[in-house]
Structure formats: structure tokens, C-alpha cells
Amino acid sequence: MSEMNHKGIDAFKENLKSIGASLAGSLFRSGRPASDRSRAAAMFNNFFLHVQGVKTHINTLRPAYTFGLGIASLFLLLITILSGVLLMIYYNPSIENAYNTVKDITYVVFGGKLIRNIHKWAGEGMIIFVMLHMARVFYTGSYKRGREFNWVIGIMLLVLTFGINLSGYMLPWDQLSYWALVIVANIIQSPKEITDSLGITQYFDIGGFSKEFFLGGLAAGKESLTRVYLLHIMLFPIFLFLFLGMHFWRIRKDGGLTKPEGFEPAGGDTNLVTFPEKRGGIFPTNKTYGLMELAHGRTPAVDRDVENTVLSWPNLLVAEVAVFFLCLAGVVAYAFHINAPLKELANPLIPENPAKAPWYFLGLQELLSYSAFMGGVGLPGLALLGLALIPYLDREQHHAGVWFTGGQGKSVALQALAAGTVVLLGLLAFVIGFGWFRNWWPNIPQLLIVLVNPGTIWVGFICVVGPYH
Amino acid sequence: MNSAANEKTGISRRDFLGLASLGTAILSGLAVIAGIFRMSKPNVRYEESTRFKIGKPENFPVGTVKKLDDRGVFIFSTDDGLHAISSVCTHLGCIVALTETGFQCPCHGSKYNGNGKVIGGPAPRNLAWLEISRHVDGSLVVDTAKEIPAGTKFKLAV
Ligand code: HEM
Ligand code: FES
């Protein structure tokens with residue numbers, strides 16, 4: 001009897017001892033990757049990794065192809081979310097408390113200042129990295145060959161990134177927040193300029209309606225802060241995640257990133273990546289056809305190039321971890337030295353002078369000073385529409401996957417940049433030197449002011465000159 | 001009967017029912033969206049009232065201008081009566097300042113003449129003239145939500 005007891009206890013002890021190993025085994029079912037097969041399993045058995053392919057193309061892994069800009073945007077987003085949740089422990093979105101809680105976070109809460117700085121700089125860093133990422137996609141022609149709609153999703157991500165940053169700017173309820181809110185509300189109201197000119201505002205006041213919808217009242221106040229908070233922590237993030245999911249899913253279905261036609265591994269690649277143990281075997285070197293690929297029509301994963309792929313574990317993961325730590329280190333170092341601004345408490349009586357838009361909207365602010373509608377609604381709308389249509393206007397399917405589509409593209413890109421800049425600076429110099437319409441003809445109709453200003457002229461110039469390239 | 005109806009309208013019962021349900025679904029969807037917009041428009045606003053008393057007429061001797069910053073109005077008192085002009089710039093909502101010739105906005109440099117008419121800068125509309133009325137207790141009341149034609153003066157009964 002007692003012997004049997006002993007046995008049971010021993011077995012239990014054994015189980016206790018091995019609990020660590022069995023827990024890990026149940027968590028990572030394929031064990032420590034030791035062979036190509038288990039390296040592949042490590043990718044597709046893991047919830048977080050299976051989003052990525054088991055194998056990755058060598059071109060994708062060349063640092064100077066993507067510069068890791070997309071993944072850096074993602075990591076900055078993760079850092080922003082985590083620090084944002086920490087800020088929510090103390091932040092209170094009411095006009096009585098918002099300013100004081102942000103002040104407390106900055107000056108009283110342990111570690112609060114650092115977390116706030118991290119949140120602010122990672123968030124604004126996203127703007128920079130998302131734009132650079134977009135430039136990379138553009139200049140490598142990566143919006144082509146089935147990726148047209150992913151570019152459009154990207155534009156949504158860009159808009160949401162701006163939206164989240166701008167709504168966050170309003171939350172501390174200091175002078176910057178308040179006057180940014182007032183200005184945005186007036187931009188939202190600005191279609192009134194058009195309806196007024198047409199004399200139909202009484203019947204169809206879309207501007208006034210939208211402004212009231214946004215502010216939750218006629219003036220910036222407590223309802224407005226609640227709504228901005230809702231946008232910042234709920235609505236915008238939900239849509240951002242949704243579109244990000246689609247963004248990544250589509251990259252997978254497109255067979256990974258773009259790569260040049262007739263890609264050849266170069267000598268340098270061997271320093272960069274580890275090739276599979278053996279070719280063939282479970283990873284055939286020649287392309288196999290799945291059922292989907294035999295079906296009619298354009299299929300997902302069209303330009304898969306099986307020969308020049310290597311295992312994602314460890315090649316891709318090492319690169320990603322490196323980008324992650326670079327991002328984290330960059331943000332923390334920056335946040336450690338540079339403080340997020342906090343002005344005086346919001347005061348409706350004293351406009352911030354100059355009412356300063358956040359830096360990423362300085363260009364827009366300049367346009368606003370001609371016409372609130374054109375600068376705040378018309379031109380940004382046109383610009384986004386133009387951006388979204390790029391893949392549908394440029395139907396040329398070759399040269400995707402190469403920076404500047406080779407040498408000629410580079411000079412075109414530089415010429416375009418130079419011409420655009422010269423015309424823009426010229427216009428600005430002209431306006432500063434000579435003033436604009438209303439200085440000459442004080443009675444000029446508002447509709448003309450809205451339609452003809454340096455911003456619209458510049459866009460017109462680009463539209464006329466652009467297609468010649 | 002049935003086939004006769006079919007020939008007349010040229011649409012089968014199945015298609016008709018399908019279209020009808022689709023239409024109903026779209027209409028209900030639109031109604032829900034309209035409801036969401038309506039819900040987000042507060043029935044009670046806990047804002048300051050747009051109507052406020054500015055004191056007895058005696059406080060406004062002829063030839064003076066009073067700037068009520070927290071309310072965003074200027075009260076002018078002239079020989080032909082009182083008038084209230086909004087001090088909220090029609091461009092992006094900054095508070096305009098009084099100058100010798102009229103008003104000027106510090107934010108993007110909109111200029112208005114003494115009657116609030118735009119004479120320079122990006123402002124799309126003239127400064128609003130606001131309604132002045134008299135409360136039963138004799139004090140004057142301004143309503144910033146009630147715009148009146150420029151040039152309308154409030155005459156004090158003698
Ligand atoms: C929140 C913002 C965004 C995130 C986190 C993000 C993330 C990513 C990542 C991780 C990749 C993989 C390749 C790489 O790192 O370059 C990628 C690819 C891509 N992104 Fe984004 N992205 C964002 C915004 C955008 C924007 C604004 C655009 C363009 C308007 C865009 C268009 C594309 C396209 C077309 C690809 C496929 C590129 C190829 O096949 O070579 N993305 N994105
Ligand atoms: S707000 Fe007055 S000029 Fe812009």
C-alpha cells in the first residue's frame with residue numbers, strides 16, 4: 001500500500017520537474033528548429049509567424065531593397081500602442097481634468113514623462129516611416145502586378161496615421177490642442193465657402209452639419225474632447241488594424257514583395273542569408289502548381305520565384321528583430337532627451353499666435369491661409385485621390401521590383417523633384433513679395449479666391465507637366 | 001393570371017421579391033445610419049447659452065466700443081444706436097483685434113473694415129452682425145447664434 005503511494009508521488013514529482021519542458025513543448029509544438037523541416041514548422045505553427053511565408057525571397061532580404069521601412073512602421077505602431085495603454089492609466093478625457101492629468105503624467109507619475117515622450121515620438125515617427133515606406137514602394141514600382149489595391153489600402157493607412165496623430169495632438173487640452181481643434185472644426189465647416197458662394201447654405205449646409213457632428217455642439221467644448229478621444233483610441237485604431245490585416249494578407253497572397261524579373265543571387269547575398277541545407281526534397285527547386293494556380297484567371301501568388309528563396313526562419317526573423325531593436329532604441333533614446341511639448345491650459349480667449357499646426361501639417365497650414373476649403377479639404381482630397389490612382393494610371397507592368405526602374409527613372413524622379421520645387425518656391429516668393437488677389441481687388445468673389453491660389457496653381461502645373469514625363 | 005402579370009411587367013416573381021428585399025435592406029440600412037447621425041446630435045447642449053445679458057443701456061455711452069472677449073463680440077455704441085459685431089474670424093476662428101480702420105486677425109492676417117466687411121486675407125465671409133434685444137428687466141441681450149443684416153442698429157427708445 002505504502003509502496004504504491006510512493007510510486008504515485010514519485011511520478012508526480014517527475015511530472016512537476018518536467019513541467020517547464022512540457023509547457024514549452026505544448027506552446028511551441030515543433031520544438032527547437034534544428035532541420036529545414038522544423039524551421040519551416042516553426043513558421044507555420046506559430047500564430048504570430050504564420051502570417052509570413054515559410055520561405056522568403058533573397059531580394060526581399062537585401063537591406064537596401066526595402067530598408068525595412070514597412071516593418072519599422074509596424075513596430076513603431078506597436079510601441080505607440082503599448083505606451084498609449086500605459087498613458088490611459090492616468091489620462092482622463094474631460095476638459096476639467098485632461099490638462100491636469102497630462103501634467104501629472106509629465107511631472108508626477110513615475111516614468112510618466114518617458115512614456116509620454118515615447119508615445120509622442122513613436123507616433124510621429126510613424127508618419128515619417130510610413131511616408132518613406134510609401135516612397136520606397138513608389139520608386140521600386142511595387143504598386144504594380146496585382147498590388148494595385150494594396151497601394152490603395154496603403155493610402156488608407158497613411159490617412160489613418162495622420163488622423164491618429166492629429167486627434168492625439170488635441171487630447172492634452174493645452175493651447176496647442178484647443179486651437180488645433182478650433183482650426184480643424186473650421187476646416188470641416190469650410191464647404192460653407194462653396195455653398196455660400198452658390199447661395200444654397202440655407203437649404204444644404206453640409207459644412208455646418210459636419211462641424212456640429214464633429215464637435216458635438218456649436219463650439220469646441222467637453223463633447224468635442226470626448227469625440228476626439230473616441231476617434232483616437234477607438235475608431236481610427238480599429239480601422240488601422242483592419243486595413244493592416246488586409247495589407248499583410250495581400251502581401252502574402254501576392255507571393256511576397258516585388259522582385260526584379262530574372263533575379264540572380266549576387267555574391268554578397270551569401271554573407272547575408274543562410275541557404276537551405278539541401279535543395280529539392282520537401283522544397284522542390286522548380287515551381288509546383290497548386291490547384292488554385294491551375295484555375296483560370298489571374299491567381300494569387302503569381303510571381304513566386306521558388307529557386308531564389310531561403311527559409312524565413314532564421315533569415316527573415318533575424319532581420320525583423322534587428323529592425324525592431326533599432327526602432328526601440330531610436331525611440332527610447334530620442335524620448336529620453338527630447339520632451340513632448342505641453343503649453344498652457346486651453347484658453348478660448350487667447351489664440352495661439354501663431355496658431356501652430358503640428359509639423360506634419362505645416363504645408364497644409366500654409367495653404368489654409370489662402371482658403372480654408374481649398375487648403376483643408378480640396379487640395380488634400382485631390383492629392384490623396386491622385387496618389388490612390390497612381391497604380392491605375394501607370395499600367396506599365398515591367399520594371400517592378402527595381403529601384404527607379406533602372407537608371408532612366410532616377411533622372412526623371414530628380415527632374416520632377418527639381419521642377420516641382422522651383423515652381424513652388426517661385427509661387428511662394430511671388431505671394432510674399434506681391435500679395436495675392438484680395439490685396440489687389442478687395443471685392444473679388446470668394447469662389448475665385450477658393451479656386452485660384454498658389455496651391456491650386458502648383459497642382460495644376462504638376463498635372464499639366466507630369467504626363468509629359 | 002400569374003403569367004399575364006409576368007408579361008406585363010417583364011419581371012419574374014422571384015426577381016421581384018429579391019429586388020424588393022434588397023431595396024428594403026438598403027432603406028433600413030440608410031435609416032439606421034440616419035439614426036446614428038441623429039443620435040450623435042445632442043438633444044441638450046451643456047454649452048453656455050448663445051444668448052447673454054450685457055447689462056443696462058447706460059453702460060454703453062455713445063461713441064464707445066466694448067470688447068466682450070469671453071463672448072466673442074464687440075458692442076459699438078453710435079449716434080444711431082447700438083450694434084454688436086462678432087469678434088470670431090470667419091477664416092479659422094481666431095479672435096480678431098480692433099484696429100483704427102476696422103478689425104484684423106492675428107492668425108492669417110484677415111482684415112475687415114469698420115463694418116466687418118472682408119477687405120483682405122483668407123476670410124471667406126464678413127464678420128457677423130448679431131442681434132441685440134432687450135430683456136424685461138431692462139438689460140440688453142445679445143444672441144451670437146442670431147445673425148442680422150449688416151447695418152441694422154438697435155435703437156434705444158427715448
Ligand atoms: C501604418 C502604415 C503601414 C504599415 C505598418 C505598412 C507595412 C508594410 C510592410 C511590413 C510591408 C512589407 C515590405 C516592406 O517592409 O516594405 C509593406 C509592403 C507594402 N506596402 Fe505598406 N505599410 C503601411 C503603409 C503603406 C502605405 C502608405 C502604402 C502606399 C500608399 C503602402 C503600400 C505597400 C505596398 C504596395 C506593399 C507591397 C510592396 C511590394 O510588394 O514590394 N503601405 N507594408
Ligand atoms: S483665423 Fe483669422 S485669418 Fe485665419
Original post:
Any idea what angle helix B:13-39 forms with the longest principal axis of chain B, computed on alpha-carbon atoms, 0 to 90 degrees, nearest 10?
Top reply: 20
Subject >> Shielding by partners, peptide B:88-101 (average Cβ within 10 angstrom, other chains) >> reply: 5
**OP:** Beta carbons within 10 angstrom, averaged per residue: use that to sort the peptides A:197-209, B:22-34, highest first.
**Re:** A:197-209, B:22-34
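Can you give the relative contact order of chain B as a percent, counting alpha carbon pairs under 8 Å and 6+ residues apart? Mind showing how you got there, number by number?
Numbers: 235 pairs, mean separation 28.9, N = 158.
Once divided by the residue count of chain B, the mean separation gives 18 percent.
Quick one: grab the alpha carbon gyration tensor of the range B:51-148, order the square roots of its eigenvalues as a ≥ b ≥ c, and give me rounded if a/c is under 1.5, else prolate or oblate depending on whether a/b is larger than b/c.
Values: a/c = 2.31, a/b = 1.76, b/c = 1.31.
Prolate is the answer for the range B:51-148, as a/c is 1.5 or above and a/b outweighs b/c.
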Subject >> For the range B:51-148, with +1 on Lys and Arg beta carbons and -1 on Asp and Glu, the positive-most of B:Phe60, B:Leu130, B:Cys94 along the dipole >> reply: B:Cys94
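When a footprinting reagent is the concern and you count Cβ atoms within 10 Å, what order do A:His232, A:His119 take, fewest first? Show your work: numbers first, answer last.
On the way: A:His232 21, A:His119 24.
Ordered by Cβ neighbours within 10 Å, fewest first: A:His232, A:His119.
Taking the Cβ of each residue in B:Met39, A:Met126, A:Met246 as the centre, tally the other Cβ atoms inside 10 Å and list the residues starting with the fewest. Walk me through the intermediate numbers first.
On the way: B:Met39 9, A:Met126 25, A:Met246 15.
Listed from fewest to most nearby Cβ atoms, that is B:Met39, A:Met246, A:Met126.
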**OP:** Starting from the Cα gyration tensor of the range A:84-201, take the square roots of the eigenvalues, sort them a ≥ b ≥ c, and report rounded, prolate or oblate (rounded when a/c is under 1.5, otherwise prolate if a/b is larger than b/c, else oblate).
**Re:** oblate
**OP:** Pop the C-beta distance of B:Arg51 and B:Leu98 into the FRET formula with R0 = 22 Å and round what comes out to the nearest 0.05.
**Re:** 0.40
Original post:
Cα to Cα, under 19 Å, and not fewer than 8 places away if on the same chain: which aspartates and glutamates meet these conditions relative to A:Lys192?
Top reply: A:Asp205, A:Glu212, B:Glu147
Subject >> Partner lysines for A:Lys103 [C-alpha distance under 24 Å; skip if fewer than 8 residues away on the same chain] >> reply: A:Lys113, A:Lys120, A:Lys222, A:Lys343, A:Lys356
Original post:
By a straight-distance test (C-alpha under 28 Å), which lysines pair with A:Lys7 as possible cross-link partners, with residues fewer than eight away in the same chain excluded?
Top reply: A:Lys17
Subject >> Over 22 Å between alpha carbons, listed pairs A:Lys211/B:Lys41; A:Lys55/A:Lys253; B:Lys56/B:Lys146; B:Lys56/B:Lys111 >> reply: B:Lys56/B:Lys111
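Each reported figure results from applying straightforward, stated rules to the coordinates on display, with no laboratory input. Since the structure is predicted, the reported quantities are computational estimates derived from the model, not experimental observations. For neighbour counting, all protein chains shown are included, and Cβ atoms are generated from backbone atoms with ideal geometry for every residue, glycine included.
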